[in-house]
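Worksheet: the structure to be examined is printed underneath.
The values are calculated or read from the model by the stated rules, or taken from the named source; none is laboratory data. Please read all numbers here as calculations on a predicted model, not as lab measurements. All Cβ positions, even for glycine, are placed from backbone atoms using ideal geometry, and neighbour counts span all protein chains on display. In case anyone asks, the SASA skips ligands and DNA or RNA and just uses the protein heavy atoms, side chains included. Shrake-Rupley method; radii C 1.70, N 1.55, O 1.52, S 1.80 Å.
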Amino acid sequence: MNTNETYRYPVALTIAGSDSGGGAGIQADIKTFSALGVFATSAITAITAQNTCGVRGIQPVTPELLQAQITAILDDFTVDAIKIGMLHNKEVVRVVADLLAPLPSIPIILDPVMISTSGSKLIEDEAIQGVIEELFPIATLVTPNIPETEFLSGHRIGSEADISFAAGLLMEAGAQAVLVKGGHIGGDEMTDWLFQGNEPPQGFTSPSIRTGNTHGTGCTLSSAIAAYMALGKTRTEAVRLAKEYMNKALAQGANVRMGKGHGPVNHFFAPLPLRKI
């Protein structure tokens, strides 16, 4: 028996804002990574004062501190996947782009967070172009919801054909692959559409879950994709598994009352132990 074998945990890094209410942002990402058996590391881009009802204030960290956080992780850990969430201003966008561009072998999931579930704006206008120009090209997958897709593409969405056209515009802008989250369309079913290069669009459909607990759903889905890619899944398989996890987290938290607004999903409905690799 070999007693000298060395193991480690799969590691995911989230670069995002802090949600003091615990339902979205860094907190949701860490919960998701942990629930799926992946070791969570983090770099905080901004501190928010928020709860289930809305965002009361945002304080970005300095570019220097953000750079120090990210390099501290990259210098010490073998990072298997990276999730990027809220980047409040152009300075933090530049820091993230400069540090991650030299790492083409690490899957990067970019969730272009712009507006919170409660309707609060989370990004400065001048940072948006930086996200498109500097982060789209290095991201393995970009995961906008319908309003974000409309904003980024400049195309109004009212049908599946509109989703396909808008996603095409985002890929022309530099995205390798786009997952358009369809939760804002409504109806008895919800479909997320995955666009990858010249492949046919792939829809991931699930029954709509009636619940007001939708705070942090976008953060949770994108971080679940990152977690599954850290575990070695392909992009398509990671999206499928993350969608399943998201649906169960929504369903298991649907009848729970947390806060006075949009409550969180149940990240820990069936947590997995940290995996050894």
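Side notes on the structure shown:
- Residues in region 11-19 carry Karplus couplings, in order, of 10, 10, 10, 9, 10, 6, x, 8, 10 Hz; the curve used is 6.51 cos²θ - 1.76 cosθ + 1.60 with θ = phi - 60°, and Gly or Pro positions show x.
- Per-residue ellipticity at 222 nm, computed for the chain from helices alone with -39500 (n - 2.57) per DSSP H run of at least four residues, works out to -10500 deg cm²/dmol.
- Rounded to the nearest Hz, the phi-derived 3J(HN,Hα) couplings of region 66-79 under the Karplus curve 6.51 cos²θ - 1.76 cosθ + 1.60 (θ = phi - 60°) are 5, 4, 5, 5, 5, 5, 4, 6, 5, 6, 10, 10, 8, 8, where x marks glycine and proline.
- √(5λ) per eigenvalue of the Cα gyration tensor, the chain, largest first, Å: 25, 22, 21
- Cα pair distances of region 91-236 binned at 10 Å [whole percent]: 11, 42, 38, 9, 0
- Entry comment: accessible area of the chain is 45 Å² per residue, from protein heavy atoms only and a probe of 1.4 Å.
- Each of the peptides 260-269, 160-169 was scored by the mean count of other Cβ atoms within 10 Å over its residues; in descending order, highest first, they stand as 260-269, 160-169.
- Put simply, the C-alpha atoms of region 38-124 give a gyration tensor, and the ellipsoid matching it has half-axes of 24, 14, 12 Å, longest first.
- The H on the amide N of L36, modeled in the peptide plane, is under 5 Å from the matching H of L272, each at least 5 residues off or on a different chain.
- Hydrodynamic radius of region 155-244 per Kirkwood, over alpha carbon pairs, in Å: 13.9 Å
- Note, ³J(HN,Hα) from phi for region 20-27, Karplus 6.51, -1.76, 1.60, rounded to Hz, x at Gly and Pro: 5, x, x, x, 9, x, 3, 5
- A simple charge model with +1 on the Cβ of Lys and Arg, -1 on the Cβ of Asp and Glu and nothing else charged puts the dipole of region 215-270 at about 80 debye relative to its Cα centre.
- Cα coordinate range in region 1-148, projected on the principal axes (Å, largest first): 58, 32, 30
- Pairwise inverse Cα distances across region 1-62, averaged and inverted, put the Kirkwood hydrodynamic radius at 13.1 Å.
- Straight Cα distances below 28 angstrom link K83 to the lysines K31, K121, K181, K233, K243, K248, K276, with same-chain residues fewer than 8 positions distant left out.
- Residues whose amide H lies under 5 Å from that of S208, counting only those 5 or more places away or on a different chain, are E189, M190; hydrogens are built 1.01 Å from N in the peptide plane.
- Sorting L135, L152 by solvent-accessible area of protein heavy atoms yields L152, L135, largest first, with a 1.4 Å probe.
- Cα-centred dipole magnitude for the chain, charges only on beta-carbon of K, R (+1) and D, E (-1), debye, nearest 20: 980 debye
- This model, with +1 at the C-beta of Lys and Arg and -1 at the C-beta of Asp and Glu, gives region 161-257 a dipole about its Cα centre of some 420 debye.
- Normalised contact order of the chain, rounded percent, pairs of Cα under 8 Å and 6 or more residues apart: 23 percent
- Rounded percent of accessible protein surface that carbon and sulfur make up, the chain, 1.4 Å probe: 53 percent
- Put E148, E172 in order of accessible area, highest first, and with a 1.4 Å probe you get E172, E148.
- Distant-in-sequence amide H partners of H215 (H built 1.01 Å from N, under 5 Å): G263, V265
- Tail weight of P(r) past 12 Å, computed on alpha-carbon pairs of region 138-181, percent: 50 percent
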